[in-house]
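Comments concern the structure below.
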């Protein structure tokens, strides 16, 4: 079976773990890589005492499943229409706000986090998960495409020999990470080679003896949105990251618009960025400030820690 012949369908569930069936014409996600594995698998040892040294057969006690895949981040091609990764973002703790004909905004949220089912077609074998929630990280390197790395945990639903469906994908071509004229940390425009943002969602799979596999609802119980960037070092009079770290200064960060075609413009905003470490680095034989930062919501929760906008 070929690694290159795989299809991922991801469908939003109306109620948790209802096993929503994906539609290949609307729910397919174009992935760069995909990995399936067991999660929290239980094999029960039987520590009996007998006349020989060998153990008895272990007993299967249930398992969850994990799916990891990497995708290009791009718009749908139509302003106000959700991108392919929209349902995936919602199941990773983002709220979706659609303004018809204008924009789709994904904001980190702590309430009403949806779940999804995932159908992984692997060159003739179908493995299906339900009740999935996950975590996502973004990588943005100069001159490359933005990628999102999703990891979902869900309940085993079924597996079978099933032919690959005829999947339909959004035909939008992603924009390279160049010409970010609106990039700002506060009022400063840094020269950045690499930016990463990780939602760092904590996923738990509590026990439930009434469940077929002995696991209850997959939950996101906490998160710590954080990231890194590597601005070129400048004179302190121009920008003093170290002092900002010492002082605990809060910065507004935005990438500005990434891309120029309507329906395929992306921007990332962090209203309260706070440095967690400022170290020295090197890029292309130039000194850099290696920044680690946290993304924080307002104390009353009205301003989200991270917003991704598609226009």
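Just so you know, all these numbers are worked out from the coordinates, no wet-lab data involved. Since this is a predicted model, take the numbers as computed values, not measurements. Quick reminder, even Gly has a Cβ in these numbers, built from the backbone with ideal geometry, and neighbours come from all protein chains shown.
Taking other Cβ within 10 Å of each residue's Cβ, how do 156, 16 sort, fewest first? Working shown, then result.
On the way: 156 19, 16 15.
Lowest count first: 16, 156.
Order by neighbour count: 1, 43, 229, fewest other Cβ atoms within 10 Å first, most last.
With the sparsest Cβ surroundings first, the list reads 1, 43, 229.
When the chain is treated as a GNM, springs tying every alpha-carbon pair under 10 Å, which of 241, 94, 60 comes out with the largest mean-square fluctuation?
It is 60.
Per residue of the chain, what 222 nm ellipticity follows from adding -39500 (n - 2.57) for every DSSP H run with n ≥ 4, rounded to the nearest 500?
Only helices count here, giving -1000 deg cm²/dmol.
If you build a Gaussian network model of the chain, linking Cα atoms that sit under 10 Å apart, which residue out of 196, 162, 109 swings the most?
Answer for the Gaussian network model of the chain: 162.
If each residue's Cβ is checked for other Cβ atoms within 10 Å, how do 299, 195 rank with the fewest at the top?
Values: 299 8, 195 24.
Starting with the residue having the fewest Cβ neighbours, the order is 299, 195.
Taking a ≥ b ≥ c as the square roots of the eigenvalues of the Cα gyration tensor of the range 184-311, is the shape rounded (a/c under 1.5), prolate (a/b larger than b/c) or oblate?
Judged from the Cα gyration tensor, the range 184-311 comes out prolate (a/c at least 1.5, a/b above b/c).
Checking a compactness column here: for the range 255-311, what do you get for Rg(Cα) / (2.2 N^0.38 Å), N being the number of residues? Please list the in-between numbers first.
On the way: Rg = 15.2 Å, N = 57, 2.2 N^0.38 = 10.2 Å.
The value comes to 1.49.
With a 10 Å cut-off between alpha carbons and a GNM built on the chain, which of 163, 39, 28 moves the most?
163
Cα centroids of the range 23-94 and the range 97-161: how far apart, whole angstrom?
The range 23-94 and the range 97-161 have Cα centres spaced 10 Å from each other.
What ratio of Cα Rg to 2.2 N^0.38 Å holds for the range 4-73?
1.76
Quick one: which of 123-129, 80-86 comes out on top by average Cβ neighbours within 10 Å, and what's the full order, highest first?
Answer by packing, highest mean first, reads 80-86, 123-129.
How big is the range 120-218 on each of its three principal axes, counting only the C-alpha atoms and giving the largest first in Å?
55, 35, 16
If N is the number of residues in the range 227-272, what value comes out of its Cα radius of gyration divided by 2.2 N^0.38 Å?
1.50
Could you tell me the convex hull volume per residue, in Å³, taken over the Cα atoms of the range 26-162? Don't skip to the answer; put the middle values down first.
On the way: hull volume 23.8 nm³, N = 137.
That works out to 174 Å³ per residue.
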